[in-house]
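Remarks on the structure that follows.
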Amino acid sequence: MLNISNTELQQEVDLKSFKSGKEIFSKKYYKALNRFLIGFGIICFIVLFLPWTQNITGNGLVTTLTPGQRPQTIQSQIPGRVEQWFVREGDYVQKGDTILRISEVKSEYFDDSLLVRTRQQITAKSFSVGAYGNKIVALGNQIAALKKERGLKLQVAKNKLMQSKLKVQSDSIEFEAAKTNIKIAETQFNRAVTLQKEGLKAMKDVEEKRLKLQETQAKLIGQENKLLTAKNNVINAEIEINRVLTQYADKISKAQSDRFTAQSSQLNSEVEVSKLENKNSNYKVRNSLLYITSPQNGYINKAIIGGLGEAFKEGEALVSIMPADIDLAVETFVRPIDLPLIHLGEKVRVQFDGWPAIVFSGWPNVSYGTYGAKVVAVERFISENGKYRILLSPDETDHEWPDEIRAGSGARTIALLEDVPIWFELWRQLNSFPPNYYQPEGNAKSKSDGKKKK
């Protein structure tokens, strides 16, 4: 056995002389082995022609079909401090249920009567707006009265101007008459002097004519003075009209300026009222934010900010919640070389972690423990892991997925392609070729119908 001696045992001892040797060396075992090998070869040859379903396998996670059904964290829109918890981890909450109460940490919101005082400020500013409105109306009435008074004053001044112009005309006529009278008086005086020299008139008559001439000259000077006075009155009347226009223009401009100032103040007050209303609304909303409520029905997963009196910033996650009513889905990843083989509506078999299964990837009909799914979305951009993300939803025509499945658990997916012989699949695997490129029947029919229509 160990080749220690050059003497062979079988040459010295006849093993067939023993009972066990007779039973062993008398049978021809090689005949049974040959039959087994021949039968096995025939079976393997037949198996090579059996159908094999090409597939694309991948690993993924259980998720939800819509983003709103996925696990989420609840944040606070304002900074604060935890005052009271109303739930425990694992509790079921409905939409609108209070999860915790917080308090303010900013000093400008510490006042408990902040809303009341803001409302008082709004009321006071509203009264101020009304007062400015009344002032604007009063100034408008004052401007109207000034304009009316200006019209009357202008009418009086214009009448006075008209009277002065008529007086000028009257005095000018009288002045011309005085000129005529003085000419007549001079003629009569000269005639009287001539007649007196000739002895036809007495000296008394000459004196009377001289006196009359002097009176006529005095009247001429008086009429000229009246005429100049009337012309001055015309000028004074025109000056009075300008004075009235200037005076009332100044008064009306001042009243209009006061009215514009009042309007500006009214608008500023309205702006302040609007700002105060905005602040008041913000304060109301801020007070409502002191109670953190559930955005939807779900389960409390984890309290991220624990304890009481702990402060946090705005936007910081406080608690994690998992929605209760969800549509489960599976996200899996495929290689870029397999992406052209994935189509919307493609049938996929899914094996969930924790559920026993017997999987024959090439024979899905004989597999046990897998569930049906279909492709509902294919990612347009490659993921960080160098693969493309595929989203799967339950297949309504297959068995329902277990209710005990939780989002986040693992899953193994098998995308079913077309059927080929086993020998072809072995040849493809040995040469590292991708599965056969194909189009689903629905897509192929639609494309052929489109070509016919063209």
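Quick note: the coordinates plus some simple rules give every number you see, no bench work behind them. The structure presented is a predicted model; accordingly, all values stated were derived computationally and were not measured. For neighbour counting, all protein chains shown are included, and Cβ atoms are generated from backbone atoms with ideal geometry for every residue, glycine included.
Some observations on this one:
- Net charge of the neighbourhood of Thr180, taken over other residues with C-beta under 13 Å away and scored Lys/Arg +1, Asp/Glu -1, is 0.
- Applying D = kT/(6 pi eta Rh) to the stretch 31-131, where Rh is the Kirkwood radius over alpha-carbon pairs, T corresponds to 4 °C and eta to 1.567 mPa s, the Stokes-Einstein value obtained is 57 µm²/s.
- Loop-located chymotrypsin sites (Phe, Trp or Tyr not before Pro) across the stretch 55-164 with a Cβ neighbour count of 16 or fewer within 10 Å are Phe86, Phe110, with loop assigned by DSSP.
- Given Lys226/Lys251; Lys279/Lys302; Lys160/Lys219; Lys167/Lys254; Lys302/Lys387; Lys279/Lys313, the pairs whose alpha carbons are separated by over 30 Å: Lys226/Lys251; Lys279/Lys302; Lys167/Lys254; Lys302/Lys387
- Mean Cβ count within 10 Å, highest first, over the residues of peptides 267-279, 291-303, 399-411: 291-303, 267-279, 399-411
- Checking every one of the trypsin sites (Lys or Arg not before Pro) in the stretch 36-109 against DSSP loop status and a limit of 16 other Cβ atoms within 10 Å picks out Arg88, Lys95, Lys106.
- Size descriptor for the stretch 42-95, Kirkwood hydrodynamic radius: 18.1 Å (Cα pairs only, one decimal).
- Shape analysis of the stretch 114-288 places it in the prolate category; the axes a ≥ b ≥ c from the Cα gyration tensor give an a/c of at least 1.5, with a/b above b/c.
- Sorting the segments 348-354, 229-235 by their mean number of nearby beta carbons within 10 angstrom, highest to lowest, gives 348-354, 229-235.
- Working from the Cα coordinates of the stretch 91-166, the gyration tensor eigenvalues give, after taking √(5λ), semi-axes of 69, 14, 8 Å in decreasing order.
- The residues packed around Ala138, meaning those with a beta-carbon under 10 Å from its beta-carbon, carry a net charge of +1 if Lys and Arg are +1 and Asp and Glu are -1.
- Value in Å of the Kirkwood radius, where the stretch 144-228 supplies the Cα pairs that are averaged: 15.7 Å
- For the stretch 102-126, backbone nitrogen atoms closer than 19 Å to the point 7 Å from Glu316 Cα along Cα-to-C-beta are found at 102-110.
- Sequence-separation-based contact order of the stretch 114-288, relative, with Cα cut under 8 Å and 6+ spacing, percent: 49 percent
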